[in-house]
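Take a look at the structure below.
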Amino acid sequence: AVVFDVIRRYLEWSGYEVTYVRNVTDVDDKIINAAKEEGVPTEVIVDRAYAAFDEADRRLGVKAPTIEPRATHHIPEMLDIISALMDAGHAYTVDGDVYFSVRSDPDYGKLSRHDPDDLRSGARIEADERKKDPLDFALWKAAKPGEPSWDAPWGEGRPGWHIECSAMAREYLGDGFDIHAGGHDLIFPHHENEIAQSESATGTPFARYWLHNGMMNLDGEKMSKSTGHVVDLLEALDTYRPTAVRLVYLRTHYRKPLDFSLDALVDAGAALDRLWGFRRRTPGPVEDDPDPEALERFRDLMENDFDVAGGLGVLFDAVREGNRRLDAGEDAAPLTAAYDEFVAILGLAEPDEAPDVVAPALAALAEQFGAAEPAINGLLEIRDRARAERDWATSDIIRDELAQLGIVVEDTADGSRWHRG
């Protein structure tokens with residue numbers, strides 16, 4: 001979500017009018033099974049999962065989508081596509097289920113670039129002897145006791161996962177649109193099936209470009225719920241600055257696997273301190289135009305398959321040169337203006353400051369105790385409590401006030417440390 005948020009921001013910055021559709025799957029096998037296990041309606045599972053997802057996105061600075069449809073609100077659109085597929089001979093019914101016939105689509109496999117005969121031996125193919133071909137996938141599933149269902153010409157039931165996405169994409173973006181994004185693990189079968197059913201129903205290309213992000217590892221190993229080798233995102237956001245978590249995601253090219261670790265979070269926090277420290281040296285709006293060389297480098301990298309990690313490098317180079325100019329008493333305004341452009345695109349701007357009462361209180365403590373070690377340790381204890389409570393603005397102000405006293409605070413994997421600068 002963070003990666004595609006940056007791509008959206010960049011396209012808008014470049015002058016494009018972006019319609020960003022993020023659909024919500026609110027009926028599928030996993031939801032139904034979870035509801036049965038807990039003995040609650042499916043809506044309870046959906047609302048709880050969506051609330052957590054939405055909270056994480058907001059805290060990570062992900063912009064709200066232009067449109068956010070739910071699958072259950074678009075059953076008629078799904079029925080229209082399924083009917084068109086059946087009329088054209090691309091789908092067939094078996095005991096109230098409706099399947100897409102992969103053999104009817106000569107282009108099947110063009111996204112994953114595999115021959116269908118090879119794909120038949122792959123994983124994630126639902127075994128069902130009633131199907132004409134093992135690769136045939138469900139467009140509609142016949143109703144079962146205790147499951148949500150809707151009326152359809154071929155019998156009461158519910159949609160398959162793949163048809164949901166095609167129907168919502170068509171409803172809000174038309175029969176063809178520019179960019180389809182998603183995880184690398186969805187290329188087959190989900191995205192392959194989306195293409196097959198959409199193009200077979202409409203006769204027009206589905207999506208012009210496909211962007212697939214790499215998977216995330218934890219300390220060099222694949223995350224796994226079954227083994228407990230996972231990090232809960234909301235818990236991570238409770239413990240670390242959300243902008244630092246966001247920066248960790250952006251430091252790896254979106255197509256490559258990303259390694260999430262405590263060291264990476266600590267390093268990202270220190271990197272943000274360097275970024276924001278530069279901007280604090282020149283507070284307020286900047287009238288100058290952004291540095292043209294920095295803009296050109298940034299644009300060249302972003303337009304080479306959205307090299308966000310490379311764009312970050314341009315941002316840090318601008319900060320390094322900007323600090324050098326400020327130290328030398330030179331004009332750094334064009335680089336500051338470029339900084340403002342870059343952090344807006346990347347979503348890395350410093351959050352609003354804490355209430356004004358914090359800084360005066362710290363100034364009074366400094367006047368009373370100076371830079372004595374007990375006072376420093378006391379302030380760090382207050383800062384640690386602020387960080388534990390996710391009060392990042394207060395935490396940053398304490399760090400900055402100590403810096404004014406010549407005390408450098410470093411956040412490490414083992415906790416906060418300080419030394420005299």
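Summary table below
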quantity	calculated
Table column - 3J(HN,Hα) (Hz), region 192-209, Karplus curve with 6.51, -1.76, 1.60, x for Gly and Pro	4, 6, 4, 4, 4, 6, 5, 6, 5, 7, 9, x, 10, x, 7, 10, 7, 10
Accessible area of region 1-64 belonging to carbon and sulfur atoms, whole % at 1.4 Å probe	52
Per-q log10 I(q)/I(0), the chain, q = 0.13 Å⁻¹ (Debye; single scatterer per alpha-carbon; no solvent)	-1.18
Förster radius 41 Å - calculated FRET efficiency between A270 and D178 (Cβ-Cβ, nearest 0.05)	0.65
Label-point separation in nm, D259 to S149, each point 7 Å along Cα→Cβ	5.1
Residue order for S14, S395 - accessible surface, 1.4 angstrom probe, largest first	S14, S395
Full-extension gain in nm, E235 to R325, via 0.36 nm per residue minus C-alpha separation	28.4 nm
For the chain, calculated [θ]222 nm from helices alone, where every DSSP H run of n ≥ 4 adds -39500 (n - 2.57)	-15000 deg cm²/dmol
In Hz, Karplus ³J(HN,Hα) per residue of region 41-58 (6.51, -1.76, 1.60; θ = phi - 60°; x = Gly, Pro)	x, 4, 4, 5, 5, 4, 5, 5, 5, 5, 4, 5, 4, 5, 4, 4, 4, 5
Those chymotrypsin sites (Phe, Trp or Tyr not before Pro) in region 15-94 that DSSP places in a loop and that have at most 14 other beta carbons within 10 Å	Y16
Cα-Cα over 28 Å, subset of K110/K256; K36/K110; K30/K222; K132/K222; K144/K222; K131/K256	K36/K110; K132/K222; K144/K222; K131/K256
Modelled FRET efficiency - R0 22 Å, A309 with R113, Cβ distances, 0.05 increments	0.30
Nonlocal amide H pairs with V94, under 5 Å, H built at 1.01 Å	Y99
Relative packing of peptides 230-240, 306-316, 186-196 - highest average C-beta neighbours within 10 Å first	186-196, 306-316, 230-240
Rounded accessible area per residue of region 33-130, 1.4 Å, Å²	57
Candidates D259, D291, D128, ranked by Gaussian network fluctuation over the chain, Cα under 10 Å, top entry	D128
Additional length obtainable on full extension of the chain from A393 to D29, 0.36 nm per residue less Cα span	126.8 nm
Protein-only accessible surface order, largest first, of D289, D5 at 1.4 Å	D289, D5
About the Cα centre, charge dipole magnitude for the chain (Lys/Arg +1, Asp/Glu -1 at Cβ), debye	540
Modelled FRET efficiency - R0 56 Å, W418 with E129, Cβ distances, 0.05 increments	0.25
Three-way shape label, region 1-160, alpha-carbon gyration tensor, a/c 1.5	oblate
Length gained when the stretch N377-R299 is fully extended (0.36 nm per residue, less Cα-Cα span)	23.6 nm
Region 247-325: C-alpha gyration tensor shape, a/c 1.5 cut-off, then a/b vs b/c	oblate
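The values are calculated or read from the model by the stated rules, or taken from the named source; none is laboratory data. What you see is a predicted model; the values in this text were computed from it and never measured. Every residue, glycine among them, receives a Cβ derived from its backbone with ideal geometry; neighbour counts consider all protein chains shown. Heavy atoms of the whole protein, side chains included, go into the accessibility calculation; ligands, DNA and RNA do not. Shrake-Rupley method; radii C 1.70, N 1.55, O 1.52, S 1.80 Å.
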